[in-house]
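Visitor: Structure incoming, see below.
The values are calculated or read from the model by the stated rules, or taken from the named source; none is laboratory data. Bear in mind the structure is a predicted one, so any value in this text is a computation, not a measurement. Neighbour counts run over all protein chains shown; Cβ positions are idealised from the backbone, glycine included. Just the protein is used for accessible areas: all its heavy atoms, side chains included, with ligands, DNA and RNA removed. Shrake-Rupley method; radii C 1.70, N 1.55, O 1.52, S 1.80 Å.
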Amino acid sequence: MRTRVWPAVAVAILIGAACGGTPAPASSPQSGQAKNVGSVAFVSSQGTPANEGQKMNSQVLAGFNGQADFISGPTAAQDVDKVTAEQKAGKGTIDVLALQHGDFTTLGASDALMDVTPLLQRLQKDRQFPQALIDYGKLGTSKQYYIPWLQATYMMAVNKKALQYLPKGDDVNNLTYDQVIAWGQAIQKATGERMFGLPAAPGTQASLIHRFLQGYAYPSYTGGEVTGFKSPQAVQMWEMLKRLWAVTNPQSTTYSQLQDPLLSGDVLFGWDHQARLQNALQQQPDQFQTVPAPKGPKGLGFMSVVVGLAIPKTAPNVAGAEALIDYLTQSKNQIAAGSAIGFFPVVQGVKLTGSQVPPYLNAEAGVAAKYASDKNAVVALLPVGLGSTSDQFTLAYQDTFTRIVLRNEDIQTVLNDEAGKLQTLLNTAKAACWPPDPPSTGTCQIK
Amino acid sequence: MRPLVPYLLMAPAMLFLAYFLFWPALGAFGVAFQTAQGEWTPANIQALVRDTDFGLAVRNTFLLLVIIIPLEFTIALAMAVLAQSRLRGRGFFLYVWSFPLAVSDLAAGLVWLSIFTSHGYLNSALQGAHVIQHPIGFLNYDNLPGLLLAVVAAETWRSISLVMVVIMSGIQVIPPEMEEAAAILGAGAWNRFTKVTLPLLKPTLQVGLMLRTTTAFQVFAVVLALTGSGLPVLATRTETWAYAHNYQMAAAYAVLLLMLSSVATVAYLTFLRTPREVFQR
């Protein structure tokens, strides 16, 4: 049951986030944390760019009644390994752990996280989380392994200069992949340059091209993320990607965050994580707009990211950790943290208003609302349950892109080859299928 | 009995190297030849050779090496000779030329990125001068000459001052009377350079080549900043696998780099050996 409700869940979340949804409970001030709770080590896989970490410390954690150190690592797998090692050693240093939903699965399975049900019940006295997200945090058990914190998605940013080249009759808010390619061709014809942008720099932490493949291109063409990896529909998708690449700036292999080439004028439109577009949207709000990702034959594939807060069993300061989670899920801090690292709040009724909320965040929330209300949406989750093999899973998607699109290798040969690598990783992690792929009994199998 | 003092003085450095260099290097060998569970296996090396970008990484690393090293040593030699000459303003040159010594390699890569990128300084200047109509994609993933040009320019600019300083220190210990004697015997400037200065510089060049070749094998930040995945080299591939959490593959790459550097060092030691008697005066 838990697998099948996820897509609906994710849509519900995004609707909630985008519309500000349900009525707000009266926000109560502090939940009785008058005394200093001491030092709390707050380790996160999000907010990695230095300026985001700085904003977390100066704008969000400054008001916390203790010393919260925000430590963000480059990849979640390293955090997972550290907690696992600390569990083995029986002695820990991490108090609060912020990871994406799929990264918690391994730690939940190895019983490395505290059951935070009592804390959640306490918090629910004055704030409400979407039930779907709470269920997420149970990781399919009866225990509550994490408390939802923030959420995000990916979209396209468009320089308004590009709109004049959009073929007549096409709706910029409702494009197909083929229409994006035609638009790119029109721009190339007029300017002589390839102006679409994809974040395709190498390395698992540098760019998010693998999320484009897993959460957008694959679901839009195959309806799934993994099982149809080498299917005829996948071949069709890769043929489309080669045509898309023909109108993509060939320097995309150096882009780790699309906001930089957007600002420099190297690209006029492109796809990335909402937080990696924010500088362009913030610095030139009149020049850039955000629009949904394109659609394919199977619908509008998009990915939804949920970040949760957990307490490892080895946390040295449990009281401090609970106080920090309480603090981070208060309305004003939800807005502050969302604004600092470019995410949406999760607590119900929290509206993205106030002087500190950058206008672009509302614009991005508008795109999220469009995803949520699209009848043909295919909601993809970040890989679930891969644990420390998650980064190699990522690399296989990146290598597939490199071999087919950059090196022009035969599509079916590469897909068969890389599918073998993916299957080995799935087998190692014993990971079941996750949405949008249909639920599996046992390990997920590539068809 | 030999005095203990020299050994005691060397001990801290030796301990430091042993703990932070030799020990981790041995560890890397261990990881490269073991499974994640710690069983001995050659599988990582086989996987290394089959890696998507292995062939390209080897080719690009050597390509950069054979372009950069001769280019850099030729220019650095000229710079060092010029800085040693009695020309007016040589102090100024020396000062300016040493400047890149203080710049980190990633920063250098980013500076050159702003020059070579499609809407960067170089393309803007060329367009402004009406030399070209559309920007040249120097850094396009499929433009190998452009990528090489950018990396060679950035790497040479960044590290040439180190080579120059090494060579200058060598030139300074050559006794001036040698050159004077050659001049009196009728040798011209070119002959004095090739027959006197260059042979006496051999030990210095040997050290310089060893240092520079080792670091050239490890070329990393400049390549990453300028080319992303466009020009994979051995060190960027090592990093990719380390971050992909496959430490066995990363260690296999690291071990390969270590062996290549060692082979180059031994080759320099063998083929550029200076007979002892040359310096017995």
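Visitor: Rounded to the nearest 100 Å², what is the buried accessible area between A and B, both sides summed, probe 1.4 Å?
Guide: Roughly 2400 Å² of accessible surface disappears when A and B pair.
Visitor: Only Cα pairs within less than 10 Å get springs; with that Gaussian network setup on chain B, which residue of B:Asn246, B:Asn191, B:Asn44 has the largest fluctuation?
Guide: So, out of B:Asn246, B:Asn191, B:Asn44, the one fluctuating most is B:Asn191.
Visitor: Kindly state, to the nearest 0.05, the FRET efficiency for B:His119 paired with A:Asn51, given R0 = 25 Å and r defined as their beta-carbon distance.
Guide: Efficiency, rounded to the nearest 0.05: 0.60.
Visitor: What does the accessible area per residue of the stretch B:86-159 come to in Å², with a 1.4 Å probe and no ligands, DNA or RNA counted?
Guide: Normalised by residue count, the accessible surface of the stretch B:86-159 is 59 Å².
Visitor: Sticking with this structure for a sec: Sorted by accessible area (1.4 Å probe), largest first, how do B:Met14, B:Met79, B:Met178, A:Met237 line up?
Guide: Sorted by accessible area, descending: B:Met14, B:Met178, B:Met79, A:Met237.
Visitor: To continue, here is another question. Got a number for carbon plus sulfur as a percent of chain A's accessible area, 1.4 Å probe?
Guide: 52 percent
Visitor: Can I ask one more? Counting alpha carbon pairs within less than 8 Å and at least 6 residues apart, what relative contact order, in whole percent, applies to the stretch B:1-123?
Guide: That works out to 7 percent.
Visitor: Kindly report the accessible area of chain A per residue (heavy atoms of protein chains, probe 1.4 Å, no ligands, DNA or RNA), in Å².
Guide: 35 Å²
Visitor: Could you provide, to the nearest whole Å², the per residue accessible area of the stretch B:173-281 with probe 1.4 Å?
Guide: Heavy-atom accessible area per residue stands at 49 Å².
Visitor: Can you give me the % of accessible surface on the stretch B:59-229 that is carbon or sulfur? Probe 1.4 Å, all protein chains present, nothing else counted.
Guide: Ligands and nucleic acids excluded, carbon and sulfur give 70 percent.
Visitor: For A:Arg122, what charge total do you get from the other residues with a beta carbon under 15 Å from its beta carbon, if Lys and Arg give +1 and Asp and Glu give -1?
Guide: Net of charged neighbours comes to -2.
Visitor: When DSSP assigns beta bridges and you keep just the ones with both residues in the protein assembly as shown, what percent turn out antiparallel, to the nearest 5?
Guide: Around 55 percent antiparallel, to the nearest 5.
Visitor: Quick one: P(r) of chain A from all Cα-Cα pairs, 10 Å bins, percents rounded to integers, in order of increasing distance.
Guide: Each 10 Å bin holds this share of Cα pairs: 4, 22, 32, 26, 12, 3, 0.
Visitor: Follow-up. Would you work out which of A:Pro167, A:Val291, B:Tyr19 lies farthest towards the positive end of the dipole of the protein assembly as shown? Charges go on Cβ: Lys and Arg +1, Asp and Glu -1.
Guide: Positive-end residue among those listed: B:Tyr19.
Visitor: Could I ask something else about it? Given the options B:Phe116, A:Leu139, A:Thr389, identify the residue whose Cα lies farthest towards the positive end of the charge dipole of the protein assembly as shown (+1 on Cβ of Lys, Arg; -1 on Cβ of Asp, Glu).
Guide: B:Phe116
Visitor: Continuing with this model, one more query. Which net charge results when you count Lys and Arg as +1 and Asp and Glu as -1 among the other residues whose beta-carbon is under 15 Å from that of B:Val207?
Guide: Spelling it out: positives minus negatives among the neighbours equals +2.
Visitor: A drop of at least 50 square angstrom in accessible area, chain alone versus all protein chains together, probe 1.4 Å. Which residues of the stretch A:173-213 meet that?
Guide: Correct list: A:Glu193, A:Pro202.
Visitor: Continuing with this model, one more query. Using a 7 Å offset from the Cα along the Cα-to-Cβ direction at both A:Val235 and B:Met14, what is the distance between the two label points in nm, to one decimal?
Guide: Using points 7 Å along Cα→Cβ, the separation is 6.6 nm.
Visitor: Same structure, new question: Using amide H atoms built 1.01 Å from N in the peptide plane, name the residues 5+ places from A:Ile71, or on other chains, whose amide H lies under 5 Å from its own.
Guide: Residues meeting the amide H criterion: A:Phe42, A:Val43, A:Ser44.
Visitor: Could you tell me which residue out of A:Gln330, B:Gly230, A:Pro345 lies farthest along the dipole of the protein assembly as shown toward its positive end? Charges go on the beta carbon: Lys and Arg +1, Asp and Glu -1, centred on the Cα centre.
Guide: Most positive-ward Cα: B:Gly230.
Visitor: Report relative contact order for the stretch A:280-399 in percent, whole number only (criteria: Cα-Cα under 8 Å, sequence separation at least 6).
Guide: 36 percent
Visitor: Do you know which residues of the stretch B:218-249 lose at least 40 square angstrom of accessible area in the protein assembly compared with their chain on its own, with a 1.4 angstrom probe?
Guide: B:Ser229, B:Thr240, B:Tyr243, B:Ala244, B:His245
Visitor: When all protein chains stay in place, what accessible area (Å², nearest 10, 1.4 Å probe) is found for A:Arg403?
Guide: Using a 1.4 Å probe on the heavy atoms, I get roughly 30 Å².
Visitor: Quick one: putting +1 on the C-beta of Lys and Arg, -1 on the C-beta of Asp and Glu, what dipole do you get for the protein assembly as shown around its Cα centre, in Debye to the nearest 20?
Guide: Here the protein assembly as shown has a charge dipole of around 400 debye.
Visitor: Can you list, bin by bin at 5 Å, the percent of alpha carbon pairs in the stretch B:1-128, starting at 0?
Guide: Pairs per bin, as whole percents: 2, 7, 7, 8, 11, 13, 14, 13, 11, 7, 4, 2, 1, 0, 0.
Visitor: Report, in debye and to the nearest 20, how large the dipole of the stretch B:59-229 comes out about its Cα centre when Lys and Arg carry +1 and Asp and Glu carry -1 on their Cβ.
Guide: Rounded to the nearest 20 debye, it is 240 debye.
Visitor: On the full set of protein chains, 1.4 Å probe, figure out the accessible area of B:Ile45 and give it in Å² to the nearest 10.
Guide: For B:Ile45, the solvent-accessible surface is approximately 50 Å².
Visitor: While we're looking at this one, here's another question. Which order do B:Glu39, B:Glu155, A:Glu193 take by accessible area at a 1.4 Å probe, largest first?
Guide: B:Glu39, A:Glu193, B:Glu155
Visitor: Under DSSP H, which helices of chain B have Cα atoms covering 15 Å or more of the helix axis and a Kyte-Doolittle average no less than 1.6?
Guide: Membrane-span-like by this rule: B:5-17, B:54-84, B:105-116.
Visitor: Could you sort B:Trp157, A:Trp149, B:Trp23 by their accessible area in this structure, using a 1.4 Å probe and putting the largest first?
Guide: B:Trp23, B:Trp157, A:Trp149
Visitor: In the stretch A:352-395, what residues drop by 50 Å² or more in accessible surface going from the chain by itself to the full protein assembly, probe 1.4 Å?
Guide: Going by heavy-atom accessible area, the residues of the stretch A:352-395 that drop by at least 50 Å² are A:Gln392, A:Leu395.
Visitor: A further question follows. Can you list residues from other chains, or at least 5 along the same chain, whose modelled amide H is less than 5 Å from the amide H of A:Lys295?
Guide: Amide H neighbours of A:Lys295, under 5 Å, 5+ apart: A:Leu175, A:Thr176, A:Tyr177.
Visitor: Next up: When all protein chains stay in place, what accessible area (Å², nearest 10, 1.4 Å probe) is found for B:Leu198?
Guide: Surface accessible to solvent at B:Leu198 totals approximately 60 Å².
Visitor: OK, next. If you build a Gaussian network model of chain B, linking Cα atoms that sit under 10 Å apart, which residue out of B:Arg88, B:Arg158, B:Arg212 swings the most?
Guide: B:Arg88
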